[in-house]
Every structure is written in structure tokens, then in C-alpha cells.
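Some notes on the structure that comes next.
The values are calculated or read from the model by the stated rules, or taken from the named source; none is laboratory data. Just so it is clear, the model here is predicted, and its values are computed rather than measured. Please note: Cβ atoms are built from the backbone with ideal geometry, for glycine as well, and neighbour counts cover all protein chains shown.
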Amino acid sequence: MAVVNIKESFKTQAPKTKDGTTAIRVFTVLLDGDDSTTEAPFVAREATGIPDIGDSYPNRSFLFCQSVTPVARTEKLFDIKVNYSTVQLHLRGGDETENPLKADPDVDWDFVVSTEPIDWDIHGNPIVNSSREHFDPPVVDEIYDLCLRVGRNERRFNENHARTYCNTINSTSFLGWPPGAACLKVYRGTRVVTGDYEYWRVSYEVHFRPDGWRRRIADRGYRELIGENADKTAKYQEILDKNNLKVTSPELLNGQGRKLPKDYQDDTGNRAVWLYFEMKKAANWRVLKLDKF
């Protein structure tokens with residue numbers, strides 16, 4: 001979902017109350033795309049040009065943004081109501097030039113290492129013993145994933161964002177990586193109070209896998225799927241060894257429930273059929289602005 005247009009409305013107000021001067025600015029934001037209706041308000045609210053919490057009112061540095069509220073007119077058209085007052089959130093005074101919220105984020109690239117079971121070597125050969133049986137427990141190896149760590153100071157910790165985006169994969173291109181290749185593994189915040197300032201130190205960690213984050217499992221089992229029973233349930237047949245006995249270790253299957261021929265090899269040299277399972281939800285991370293550094 002993309003922002004098509006942003007325009008400030010004539011509805012801007014500047015009332016004065018017993019607690020001091022306040023102001024209200026109203027923007028209209030038009031979106032385009034097919035994101036869900038639950039995602040659209042976040043995209044509109046975080047659009048470039050919409051003030052953020054704590055920002056100063058134009059030419060009125062004593063007025064600070066207190067809230068930013070999107071109100072939908074249609075699925076793609078929003079009014080963004082921005083409220084200002086003389087209360088400065090989270091800042092207790094001090095020199096604005098020393099404001100930690102204006103500090104650049106810390107950005108690190110690294111690798112994270114995990115240990116995972118493996119079934120095949122780098123040449124596509126199954127990892128089995130001299131009797132062609134799979135090892136139990138299975139062989140494991142170290143998996144190296146490229147990792148981006150971003151640490152930055154923010155006015156508040158957004159619990160809703162943390163719940164929504166942590167442990168999701170990217171639904172759109174991210175730093176040149178295609179959809180599904182990046183996973184937001186860490187979304188953590190620590191409250192900081194130092195001198196005249198109060199803010200949150202928020203840490204993000206994104207892991208990258210060129211093949212994506214689907215779970216890959218070799219198709220194998222003890223039975224073949226040979227059709228359906230009269231009641232439409234699956235009809236199975238036990239896989240037998242050369243002595244006409246039930247196999248004691250799972251046999252490779254062909255992706256359709258039948259035993260895989262011993263001489264099978266696909267175009268890339270793999271000697272198995274792989275099944276893929278989606279384990280993580282996809283989300284649009286645009287509102288997190290993790291690529292802005």
C-alpha cells in the first residue's frame with residue numbers, strides 16, 4: 001500500500017484553554033494498494049509529512065504534538081488529526097541540541113549462528129549410514145544467517161507494533177531482499193531516564209535467508225497413499241522391504257504419497273522431494289522505518 005497524496009486541511013485550529021495554547025492540524029491522506037484495512041491506518045499515520053509525537057508546531061516551538069489520530073473516510077482516504085499543546089512529552093527540559101531523540105540510530109551488520117538438523121550434504125546426497133538408514137538423532141550443522149541490528153532512541157515503546165511485527169517476514173522488498181527473505185526476530189525496548197530526558201531505547205534485529213523462512217522437510221514416510229476408501233478417507237499401503245516386511249525407517253516419497261524411485265534426481269541434483277510449510281506471517285514493515293539509516 002502506497003501513499004498517493006497528502007494535503008493539510010483548512011480545518012486547522014488554534015484554541016486557547018485555561019491550561020494554555022493548543023492547536024489542531026488536520027491532514028488528508030490518500031492511499032493506493034491492496035493492504036488489509038487493519039494495516040491502512042498505520043500507513044496513513046506514518047506517512048512522510050505527518051507530524052510525529054513531540055514534534056513542534058510550525059513557527060510555534062512551544063507547542064508540541066501530543067497525539068496523531070487517523071480517521072477513515074473510506075478504505076483508502078483518511079483524515080489525520082494532530083493535536084498540539086504546550087506540554088512537552090517525555091522531555092524534562094535541557095538543551096534541545098542534546099536531545100537524545102535526535103541522535104542517529106546505531107546500525108550493525110553481523111551473522112547469527114543456529115544449529116539445525118540437516119538431511120542432505122552440499123552435493124544433494126542423503127546423509128545416511130552405510131546401511132542407507134538415517135541417523136538417529138539426526139545430524140545437525142551450523143546455519144549462518146546475515147543479521148541487521150538497529151538501535152535507536154524513541155519517544156515511546158509501541159506495544160502494538162511489537163505484537164504485530166515481531167517474528168514476521170517482510171511482505172515487500174526490504175533493503176533489496178525479496179519478500180519472505182527477511183524475518184524480524186527482535187523488537188525490544190528499554191526505558192531510559194537520564195538527566196533532563198526520558199525516552200525508550202528500542203532494538204530491532206532482522207535476520208536474512210536467501211531461500212526464505214519456510215520450513216523445508218524431505219517427503220518420506222512408512223506408508224504410500226494409494227487412493228481413497230469408500231468414505232473418502234485416505235487409503236494407505238504399508239511400504240515393504242525386499243523381504244516383504246514393513247520398513248523400519250521412513251522411505252523417501254515422491255510428493256504425491258508414493259514411494260520415490262531409487263534413481264530419482266531432480267534438475268538440481270537433489271535426490272529427494274521437499275515439502276515446504278509457511279511458518280511465519282508476512283507483514284509490511286513500512287511503518288517501522290527500519291531501512292531509514
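Can you confirm whether segment 137-145 contains a residue that is surrounded by 17 or more Cβ atoms within 10 Å (Cβ to Cβ), closer than 23 Å to residue 39 by Cα and under 33 Å from the mean Cα position of the chain (by Cα)? Before the answer, list the steps.
Keep residues of segment 137-145 that are surrounded by 17 or more Cβ atoms within 10 Å (Cβ to Cβ), which gives 145.
Add one more test, that the residue is closer than 23 Å to residue 39 by Cα, and what stays is none.
No, because not a single residue in segment 137-145 is surrounded by 17 or more Cβ atoms within 10 Å (Cβ to Cβ), closer than 23 Å to residue 39 by Cα and under 33 Å from the mean Cα position of the chain (by Cα).
For segment 173-203, give me each residue that is hydroxyl-bearing (Ser, Thr, Tyr), at pLDDT below 95 and either surrounded by 13 or more Cβ atoms within 10 Å (Cβ to Cβ) or in a loop (DSSP other than H, G, I, E, B) (or both). Talk me through it step by step, then tell me what you get.
Pass one, segment 173-203, residues hydroxyl-bearing (Ser, Thr, Tyr): 173, 187, 190, 194, 197, 199, 203.
Filter once more, so that each one left must be at pLDDT below 95: 194, 197, 199.
Passing the criteria: 197, 199.
Per-residue answers, yes or no, for (1) assigned by TED's automatic domain parsing to the domain that holds residue 200; (2) modelled with pLDDT of 85 or more; (3) at positive phi; (4) under 25 Å from the mean Cα position of the chain (by Cα):
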| site | (1), (2), (3), (4) |
| --- | --- |
| 8 | no, yes, no, no |
| 13 | no, no, no, no |
| 26 | no, yes, no, no |
| 39 | no, no, no, yes |
| 43 | no, yes, no, yes |
| 50 | no, yes, no, yes |
| 107 | yes, yes, no, yes |
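Give the residues of segment 145-157 that are over 15 Å from residue 206 (Cβ atoms) and at pLDDT 90 or above, sorted by residue number.
Of the residues in segment 145-157, the ones over 15 Å from residue 206 (Cβ atoms) are 153-157.
If the condition is that a residue be over 15 Å from residue 206 (Cβ atoms) and at pLDDT 90 or above, then 153, 154, 157 are the ones that fit.
Of 226, 239, 217, which residue is touching a residue at least 40 places away in the same chain (Cβ under 8 Å) and of a type in the set (A, V, I, L, M)? Spell out how you get there, then give the answer.
Working: 226 fails: touching a residue at least 40 places away in the same chain (Cβ under 8 Å); 239 fails: touching a residue at least 40 places away in the same chain (Cβ under 8 Å).
Of the residues listed, the single one that is touching a residue at least 40 places away in the same chain (Cβ under 8 Å) and of a type in the set (A, V, I, L, M) is 217.
Count, please, the residues in segment 110-161 that happen to be part of a strand (DSSP E or B) and hydroxyl-bearing (Ser, Thr, Tyr). Before you say what the answer is, go through the steps one by one.
Within segment 110-161, the subset part of a strand (DSSP E or B) is 110-117, 120, 126, 128, 134, 140-154.
Retained after the next criterion (residues that are hydroxyl-bearing (Ser, Thr, Tyr)): 114-115, 144.
The qualifying residues number 3.
Consider residue 158 carefully, then state whether it is buried (at least 16 other Cβ atoms within 10 Å of the Cβ) and without any contact (Cβ under 8 Å) to a residue 12 or more places away in the chain. Reasoning before the result, please.
Numbers: buried (at least 16 other Cβ atoms within 10 Å of the Cβ): yes; without any contact (Cβ under 8 Å) to a residue 12 or more places away in the chain: yes.
For residue 158, the condition - buried (at least 16 other Cβ atoms within 10 Å of the Cβ) and without any contact (Cβ under 8 Å) to a residue 12 or more places away in the chain - is met.
Within segment 235-293, track down each residue that is among the hydrophobic types (A, V, I, L, M, F, W, C), modelled with pLDDT under 90 and in a loop (DSSP other than H, G, I, E, B). Talk me through it step by step, then tell me what you get.
Here is the first cut: in segment 235-293, the ones among the hydrophobic types (A, V, I, L, M, F, W, C) are 239-240, 245, 247, 252-253, 260, 272-275, 277, 279, 282-283, 285, 287-288, 290, 293.
Now restrict to residues that are modelled with pLDDT under 90: 252, 260, 272-275, 287, 293.
Within segment 235-293, 260, 272, 273, 293 meet the criteria.
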